[in-house]
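One structure below.
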Amino acid sequence: MKLQQLSLFLENRPGRLDAPLEAIAAAGINILTLSLADTAQFGILRLIVRDWDKAKQVLENGGWVVNLTEVVAVDVEDKPGGLAAVLKVLDQAGVNIEYMYAFSSYRPGKAILIFRFEDPDHAVKVLLDQNIRALDSDELIHADA
Amino acid sequence: MLNALWNDDAGGFHPASAPDFLPDTRLREVQLRRLRAVVARAYERVELFRTRMQERQLTPDSIQGLGDIARLPFMVKTDLRDTYPFGLFASPMSDIVRLHASSGTTGKPIVVAYTQEDLNVWAEVMTRTFASCGLHRGDILQNAFGYGLFTGGLGAHYGAETLGATVIPISGGNTDRQIMVMRDFGVTALCATPSYFTYLVERAAELDADLRDMPLKVGIFGAEPWSDAMRTRIEEAAGIKAYDIYGLSEIIGPGVASECEAQSGLHVFEDHFYPEIIDPDSGEVLPDGEEGELVITTLSKKAMPVIRYRTRDITRIIPEPCACGRSIRRIRRIGRRSDDMIILRGVNVYPSQIEAALLTVEGTLPHYQIILTRDQGLDQMTVEVEITPEVFSDEVRVMEQVRARLAQAIERIIGIRVTLSLVEPRSIERSQGKAKRVIDRRGD
């Protein structure tokens, strides 16, 4: 199961993060999680939202360049070594991770990891072989409920 | 006979274009006769010109052959400012039917004047311009050059009407309406600055309108230098043939020179505007084929004759005959103006080089701006480039590669490392006329 992630280009200047977040808020769209990658010169804001196609429309209408990427979410035990166990599986299968981020889940004792893989379909299969199931968007949305 | 040819729908020849095909000897006769007349007129009626002639012990009779033009003094832009507003007029106000002005970036504008005869010549050279870009009676021309004090709008307007095309005098700006008119009126040709047209293409894409699906087939672009790479992008993005035209208010406005369907240099309408190429440092006239500064003499202007005007535009005369059969000489497209030249750590850089470099990198029509600063006495150039959906990625690594590729492309062409800064879409101001490409903060 894969999720749609929205990415936005931001200049690395004070206040640049506010405008897109306000635009999404004004449209009544809640952000499930986000990550911000930054360099000295620019930043890339990555968002996972409930209603990604509406959010994409809102942002594009506001003049942002929006990129749509498939990412994979899995939940792990929220305890030391929880992430390492998943990484080990991926490592052994030679799956390349472009980047990842994590957040705590609605379910006690669980954390959610978001992965951007070079080949998401292959990664999902590798994980499933080890009984690690990728979450679908409903499961994430419930995380927000 | 000529009119009969023109009125035949299959005919591609407008009678006004006849002087484009004058035999060489006949053309030189016309030029000499007109040169002698215009020098005499300026000498008799314009104080600045008479004084400068007298300082050189010259009289109108000093002009015996075309080569004698090299003995005449140059005129420069400041001459037009210093005599503001009417000091260079050679006709009484009662004969002057139109004034235009060009906004100087500093201080007073320059003012130019036209008699009815001048306006007729202007309409004629613009008719020849449109005819050489393949336009006919029946074409629907959207004229997005600015109407007003700027010469572009009205200059193109009367030429297109004289040609017999249907003119839509929409002027610049209001881009959404431009796109609506273009589609709804079945526009076949459009005049604009290349930077504005680039914006128009971009805006059309946002509105889900594809110019390639419209009847538009010809774009006529002028008023600022643009690169061949930009031409290729424009032609592909809009499904048109893009022609370059050349002119300047001081001489007449648009209509000094135009490309033909061969798109291989611009034919100078030299029966009215005599071109010379000079060494910009020494002022010596250079032979045809050598690169230098373009100098133009108006051979038939009545209200405001301009003799040996230094345009600051760098080009060369192409001596070889053109495939289109026109005998009037061509100049190479103006890639750069000596005014636009940026001197960066002793190296000459032109905005057109930056543009050409950016267009070598995959992506789309770039919006860019050059910012010059001084850091501890050393000049720095930052090139800001807007990102596009085509180049944007969620991966930092990919974006850094884009940035590096753009910076390397510039360094390859100008030989200097610049700071390349990716900026958000639309953060660079859109121009409705001439684009402002360079911001110089070195004096701040």
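A few remarks follow.
- Every pair of residues 6+ apart whose Cβ atoms lie under 9 Å, when the first sits in the range A:69-93 and is within 14 Å of chain B (Cβ to nearest Cβ) while the second is surrounded by fewer than 14 Cβ atoms within 10 Å (Cβ to Cβ): A:E70/A:D121
- Subset of the range B:430-441 that is more than 14 Å from chain A (Cβ to nearest Cβ) and part of a loop (DSSP other than H, G, I, E, B) - its residue that is surrounded by the most Cβ atoms within 10 Å (Cβ to Cβ): B:A435
- Single match in A:I31, A:I114 (criterion: more than 24 Å from B:S421 (Cα to Cα), surrounded by fewer than 17 Cβ atoms within 10 Å (Cβ to Cβ) and not acidic (D, E)): A:I31
- Hits in the range A:44-60 (condition: more than 9 Å from chain B (Cβ to nearest Cβ) and not hydrophobic (A, V, I, L, M, F, W, C)): A:R50, A:D51, A:D53, A:K54, A:K56, A:Q57
- Residue in the range B:378-394 that is nearest to B:G415 (Cα to Cα), counting only those that are buried (at least 21 other Cβ atoms within 10 Å of the Cβ) and facing chain A (nearest Cβ under 7 Å): B:I387
- Criterion applied to B:R203, B:R233, B:R183 was being in contact with a Leu (Cβ under 7 Å, 6 or more places away or on another chain), among the basic types (K, R) and part of a helix (DSSP H, G or I), and the one residue passing it is B:R233.
- Any hit, the range A:81-97, residues being in contact with a helix residue (DSSP H, G or I) (Cβ under 6 Å, 6 or more places away or on another chain), under 23 Å from B:V396 (Cα atoms), surrounded by 14 or more Cβ atoms within 10 Å (Cβ to Cβ) and not assigned by TED's automatic domain parsing to the domain that holds A:S7: yes
- Residue match in the range B:362-372 (condition: of a type in the set (G, A, S), part of a helix (DSSP H, G or I) and within 23 Å of B:P225 (Cβ to Cβ)): no
- Scanning the range A:16-75 for residues that are of a type in the set (D, E) and assigned to a strand (DSSP E or B) gives A:D38, A:E70, A:D75.
- Taken together, B:I331, B:I387 contain a single residue that is touching a residue at least 40 places away in the same chain (Cβ under 8 Å) and over 17 Å from B:A229 (Cβ atoms), which is B:I331.
Yes or no, residue by residue, for (1) of a type outside the set (V, I, T); (2) more than 14 Å from chain A (Cβ to nearest Cβ); (3) over 16 Å from B:R374 (Cα atoms); (4) in contact with a Cys (Cβ under 9 Å, 6 or more places away or on another chain):
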site: B:R405; (1), (2), (3), (4): yes, yes, yes, no
site: B:V418; (1), (2), (3), (4): no, no, no, no
site: B:S421; (1), (2), (3), (4): yes, no, yes, no
site: B:E424; (1), (2), (3), (4): yes, no, yes, no
site: B:I428; (1), (2), (3), (4): no, no, yes, no
site: B:G443; (1), (2), (3), (4): yes, yes, no, no
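The values are calculated or read from the model by the stated rules, or taken from the named source; none is laboratory data. Since the model is a prediction, treat every value here as computed from it, not as a measurement. Heads up, the Cβs are rebuilt from the backbone with ideal geometry, glycines too, and the neighbour counts pull from every protein chain shown.
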